[in-house]
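To start, the structure itself, in structure tokens.
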Amino acid sequence: MPLLHRSENKKPLRPRAGAPTSAAVSALRPQQVAKASPCQNACLAGTDVRAALALLNQREKLGLTQDEACERAWRLIVETNPFPATTGRICPHRCEDSCNRHGKDGGVAVGMIERFLGDWALERELPLPGVPERPLHRERIAIIGAGPAGLSCAYHLARRGYASTIFEGMPQPGGMLRYGIPAYRLPTRVLEGEIRRVLDVGVELRTRTTIGRDVTLEELRQQYAAVFVAPGAASSREVDIPGANGLGVFRAVEFLRDVARGEPPAIGKHVVVAGGGNSALDAARVCARLLGGTGVITLLRQENESIDDDLRETMAEGVEIEFMTTLNSVVRNVMGGVDSALVQRVELGEKDASGFPTLLPIAGKSYEVRADTIILALGQKPNVNRIFKGNEQQFETDDQGKTRAQGVWRGGDAVTPSFAAVVIGQGRQVALAIDAELRGQPLPEASKPAEVPGSRLKLECYDPRPRLQRRLAPVQDRLSNLQSELELEQDASAVMSEASRCLSCGNCFGCERCWMYCTPGCMSRLPDAHPGRYFAINTDKCDGCRKCAEECPAGFLEMS
């Protein structure tokens, strides 16, 4: 299916000599000026989304087979993010939110494409590229925490010739990816496959090693040239809710961890989950699977009644949602067990210093909900007391993650709990910063070209194409198996078609419109074409008509 209306003919005709052009002739001449795309700037992991899509979308123009294009696109992604099969499933994909195609028929489904490429590479057991056969430098790096930040840092250090050792307190690596995200969203086989590739580049892993008990931070500083502290945020925040301490009340982080370890607690038939974030949704949906859809699960949310896909799917799985409510207290029976949850209806007040609205109880609007089990998903925090031993101020970070302590960097959820893609990017940035310091070189300044304004695009030139829709497992299949993945895979043809919806914002994709409309013949095809470089311009022939720049659908050509 063609991307542009005028691209149906493989050899489009030029307008005849003397065809009408712009009324006013300019002294300016066309220049090829690549600009950043909004998806590129919005990617939480720092991946060049547009470039990866271009390899798929333009594969025939580049003389690539589908497999060759997939491998090149995957290799480009893992230049920054070694976990595309993982983030393709769990990332919120801000790139999709910012996609200029929303102005026509829906943003490109980047997440599904990323997931497909990640799975494609796992099936073929492709090793991570760009890592030397043996370390190039004598310095060794210690990394605390085998979560996404620590693993990403280790990988990017290996690419730069450093050997590293990861110290992890849990029995297996992965951090919150393994112990906090349920298998219905991220299958264990996928996560383990991508972690195994990172370890295969020569990263040493020491599990069941607790910093502060088995080895101290100070000992690591003495033994290693640099230390990256990224233990994650694997502890729940303390809450002041009457009756919350005792049997039958679980914290979501610990509850999900027990389930991931194959040790789910008994929860009874009536479960109340309090919280509005992903952990609350995951806890509620895991309970629905543990009970096989036979229990009564109530989710208390402080948010209003806006319903997104995650919430809609949660409701389809039988979870009852109580909007604009909060847990007031836990009501216990004479035996000390949970009897019910006292629920308070609230309205939102002014925002506090943290930017969140205060909750104002509505007088006379409280009620009880039957409960055998209550799960609190009210925030997470890093457990760093053993690591820093009361001296955490010394380990405050700058913009690059470096602390005041010599040779110590800090990042990931241990600084600010965030999305996995964000901390994967942080791990890479810390690796770059450590390399720059150890080599005595300045850290390269991050620079981005100006983003192409959406107004520069010519959306009317692109054929309307509906966005690829997610394929979900039937509800009964989801609830019958704790390991059953929610979202089903897409076939290759659907993914390639979706990639071809990319507008190539700010970069040439070889649509030939400039060549078609240039009467003087300024445009000549390049023999070694690649994304962004399909034509050369001979400005000596140009008469300044501006038609090429006006007709460029991607906003690539400028008159200067």
Can you classify the chain as rounded, prolate or oblate using the Cα gyration tensor, where a ≥ b ≥ c are the square roots of its eigenvalues, rounded means a/c under 1.5, and otherwise it's prolate if a/b beats b/c and oblate if not? prolate
Among the aspartates and glutamates, which have Cα under 18 Å from the Cα of K547 when same-chain residues fewer than 8 positions away are ignored? E460, E512, E558
Non-local residues with an amide H under 5 Å from the amide H of I321, with H modelled 1.01 Å from N and Pro and chain starts lacking one, are L299
Restricting to Cα pairs below 8 Å that are 6+ residues apart, what does the relative contact order work out to for the stretch 307-403? Please round to a whole percent. 18 percent
In which sequence would W120, W74, W409 go, from the one with the fewest C-beta neighbours within 10 Å to the one with the most? W120, W74, W409
In sequence order, calculated HN-Hα J values of the stretch 286-292 (Karplus, 6.51, -1.76, 1.60; Hz; x Gly/Pro): 5, 4, 4, 6, 4, 8, x
Can you compute the helix-only [θ] at 222 nm over the chain? Use -39500 (n - 2.57) per DSSP H run of at least 4 residues, normalise by all residues, nearest 500 deg cm²/dmol. -8500 deg cm²/dmol
Per-residue Cβ contact counts at 10 Å, fewest first, order D308, D119 as D308, D119
Looking only at lysines whose Cα falls under 18 Å of K61's and that sit 8 or more positions away or on another chain, we get K10, K11
Magnitude of the charge dipole, the stretch 475-514, Cβ model with Lys/Arg +1 and Asp/Glu -1, debye to 20: 240 debye
Would you order E313, E550 from fewest to most other beta-carbon atoms within 10 Å of each residue's own beta-carbon? E550, E313
How would the stretch 413-523 be classified by its alpha-carbon gyration tensor: rounded, prolate or oblate, with rounded meaning a/c under 1.5 and the a/b versus b/c comparison settling the rest? oblate
Placed amide H near V229: partners under 5 Å, 5+ positions off or other chain: I144, W409, R410, G411
Residue-span extension gain [Q223 to Q31] - 0.36 nm each, minus C-alpha spacing: 63.7 nm
The answer for E347, listing residues at least 5 apart or on another chain whose modeled amide H is closer than 5 Å to its amide H, is L360, I362
Applying the Karplus parametrisation 6.51 cos²θ - 1.76 cosθ + 1.60 with θ = phi - 60° to the phi angles of the stretch 212-224, what ³J(HN,Hα) value in whole Hz is obtained for each residue in order, glycine and proline being reported as x? x, 10, 8, 7, 9, 4, 5, 5, 5, 4, 6, 8, 10
Positive-end extreme of charge dipole, the chain - chosen from F116, N481, C542 (charges on Cβ): C542
Find how many whole Å separate the alpha carbon centroid of the stretch 309-327 from the alpha carbon centroid of the stretch 456-470. 33 Å
One finds the C-alpha centres of the stretch 542-560 and the stretch 70-135 to be spaced, in Å, by 32 Å
Any idea which of I374, P357, I387 is furthest toward the positive side of the dipole for the stretch 355-480, if Lys and Arg beta-carbons carry +1 and Asp and Glu beta-carbons -1? I374
For the stretch 239-380, the dipole about the Cα centre with charges only on Cβ (Lys and Arg +1, Asp and Glu -1), to the nearest 20 debye, works out at 380 debye
J(HN,Hα) series, the stretch 435-443, from Karplus relation 6.51 cos²θ - 1.76 cosθ + 1.60, nearest Hz, glycine and proline x: 4, 4, 5, 5, 8, x, 10, x, 6
How high is the relative contact order of the stretch 399-539? Use alpha-carbon pairs under 8 Å, at least six apart in sequence, and give a whole percent. 12 percent
Filtering trypsin sites (Lys or Arg not before Pro) in the stretch 71-160 by DSSP loop and by at most 16 other Cβ atoms within 10 Å leaves R124, R138
Nearest-20 debye value, the stretch 102-142 charge dipole, Cβ charges on Lys, Arg, Asp, Glu: 220 debye
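Coordinate-derived values only; no laboratory data. Note that the structure is a prediction, hence the values are computed from the model and not measured. FYI the Cβ positions are ideal-geometry reconstructions off the backbone, even for glycines, and counts take in every protein chain you see.
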